[in-house]
1. Name the single residue, out of those in region 1-30 being over 20 Å from TRP48 (Cα atoms) and among the hydrophobic types (A, V, I, L, M, F, W, C), that is modelled with the lowest pLDDT.
2. From the residues in region 10-27 that are among the aliphatic types (A, V, I, L, M) and within 14 Å of the chain's Cα centre (by Cα), which one is surrounded by the most Cβ atoms within 10 Å (Cβ to Cβ)?
3. Out of all the residues in region 18-56, which are outside any loop (DSSP other than H, G, I, E, B) and of a type in the set (Phe, Trp, Tyr)?
Amino acid sequence: LLTGARSVEIVSFSGGGPQGTRADPCGPQHYHGFLGIEDQVVARTVAWMGANARRR
């Protein structure tokens, strides 16, 4: 699947969680939305993108 990728890294985050008992399990107000840990996830993603950007 990613055989042509320059770099593949798997990063795990813990925390976050559903907001209310009626939240859609696949929606933004549940675990898939990184609820409560958005800043941590975005910072790590941006750092990875910067470190792996193709230089021209």
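1. Top of the filtered list is ALA23.
2. Residue satisfying both the conditions and the ranking: VAL11.
3. TYR31, TRP48
The values are calculated or read from the model by the stated rules, or taken from the named source; none is laboratory data. Note that the coordinates shown come from a computational prediction; the quantities given were computed from them, not determined experimentally. Don't worry about glycine lacking a Cβ; one is built from the backbone with ideal geometry, like all the others, and counts go over all protein chains shown.
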